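Following: one structure in structure tokens, then a few remarks.
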Amino acid sequence: MLYELHELQHASFMSLRLWAQSTASLYGSPYSPLSYTPVGRMVSAGSELLLRTTQRYEKPAFGIQETVIEGVTVPIVEQVTLEKPFCQLRRFVRVGNFSGQPQVLIVAPLSGHFATLLRDTVRAFIHDFDVTITDWRDAKMVPLSEGAFHFDDYVRYVQEFIRFLGPNVHVVSVCQPTVPTLAAVALMAARSESEQPRSMVMMGGPIDTRKNPTTVNNFAKERPLVWFENQVIYRVPVRYPGYLRRVYPGFLQHAGFVAMNPGRHIDSHRDFYRHLVQGDGDSANAHRKFYDEYNAVMDLPAEYYLETLDRVFHRHALAMGSLVSCNEPVRPEAITQTALLTVEGEFDDISGNGQTAAAHDLCVNIPAAQRHHLLAREVGHYGIFSGRRFREIIYPEIRKFIASVS
């Protein structure tokens, strides 16, 4: 019922949003004399702020159309190379002669935001690698006829993507998918498959959430699964292709993201209003760019969400050696051919220090020379895969690691 009420509320704001949009245009247009008065700027700024806090944000585009390699501008073409009901494999093709460079599969999180949140990650990697990313679909857009999506389906997807790209691919998993990615590679190693990846790079993931638990970890741990099922799982309303599918709705996830640090968001919106009034277009555009991405959220399949809570945060099944996936025991010690790099941020408030590094305690049969850990100083969770410190400190170390094992 909550999902339907949310849709009703959004629809009821339609007139208000149209009024705010019209007012912002009237008082903010450079062709309007009202835009050059202090009152006009305040009305325009307030109207845009109202519009942005009540509108719905659609999935953003990656928007990576070119890159510069050795001083030469190289066009980038996006291609969907493999399509599954819940995911697309999206490749960023560099136009030119770049054959022979290592392939990188970036496994994006299925945890609320779209894969475009890793735009900075992709932009960095395409300088040196043939890059493909998992572009997960919004569960409310997947018809119920496609069936459910479980934790084991995620593992199967990762395995299929690795086989599709070939045995020399380097797999980079960011945050939540470190667990199913490690499970996928461990199962492939236990079967002695020839398509095992050359390396795994695991960034800010919950391999063992018993180590330095964060507020997020404790919230997930302290409540029984039935609480989550009763409080945050709803069926998709009739207007979407995924009608009747059980999901963890994106709007609830967004509320949770904001609730983690409400003061910061209030200050950010207050600053946005002030920048608009003062005519500081660069700062206002930076705000728009961030929140266009941050506010774009997707529904998660209920089965996957609840099973992840159970296996990763409640039972710590991977870390405890009791994880079973695809009807097979997951044994990370079976991995011998795939190098491992773990990356953590010193100030990560989602995956605490030591949680990702725990992968080294599990993958004991990877040669020591092919296992490395990087703790990025003064870096929070999002800084692990985006921003200046990622580009200047973390990515060069990943590039060096992949080069050493390619």
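Any read-out appearing in this document is the output of simple, stated calculations on the displayed coordinates, not a laboratory observation. Please read these numbers as outputs of a predicted model, since none were measured by experiment. Cβ sites come from the backbone with ideal geometry, for glycine too, and all protein chains shown count toward neighbours.
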- Within the chain: Cβ-based charge dipole about Cα centre, in debye rounded to nearest 20 (Lys, Arg +1; Asp, Glu -1): 340 debye
- Message: Taking the alpha-carbon distance from LYS289 and a cut-off under 23 Å, which lysines remain once sequence neighbours fewer than 8 residues away in the same chain are dropped?
- Response: LYS59
- Message: Between 0 and 90 degrees, rounded to the nearest ten: what's the tilt of helix 2-12 against the longest Cα principal axis of the chain?
- Response: 30 degrees
- Using alpha-carbon coordinates, inclination of helix 14-28 to the longest axis of the chain, degrees: 70 degrees
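Dividing the Cα convex hull volume of the chain by residue count, how many Å³ per residue is that?
Details: hull volume 61.7 nm³, N = 406.
It is 152 Å³ per residue.
One quarter of the convex hull surface, Cα atoms only: what value does that give for the stretch 296-386 in nm²? Write down the numbers at each step before the final one.
On the way: hull surface 30.4 nm².
The directionally averaged projection comes out at 7.6 nm².
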- Query: Which of the aspartates and glutamates could a cross-linker bridge to LYS84, judged by Cα under 18 Å and excluding same-chain residues fewer than eight apart?
  - Reply: ASP135, ASP138, GLU146, ASP152, ASP153, GLU160, ASP299, GLU303
- Taking Cα atoms only, helix 178-190 is inclined relative to the longest principal axis of the chain by an angle, in degrees rounded to 10, of 20 degrees
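Dividing the convex hull volume of the alpha carbon atoms of the stretch 250-406 by its residue count, what do you get in Å³ per residue?
Residue-normalised Cα hull volume stands at 153 Å³.
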- Message: Give the aspartates and glutamates reachable from LYS400 as a straight Cα distance under 19 Å; neighbours fewer than 8 places away on the same chain don't count.
- Response: GLU70, ASP120, ASP128, ASP130, GLU344, GLU392
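For n ≥ 4 DSSP H runs only, could you compute -39500 (n - 2.57) per run for the chain, divide by its residues and tell me the 222 nm figure to the nearest 500? Don't jump to the answer; show the numbers that get you there.
Values: 15 runs with 163 residues, N = 406.
Helix contribution divided over all residues of the chain: -12000 deg cm²/dmol.
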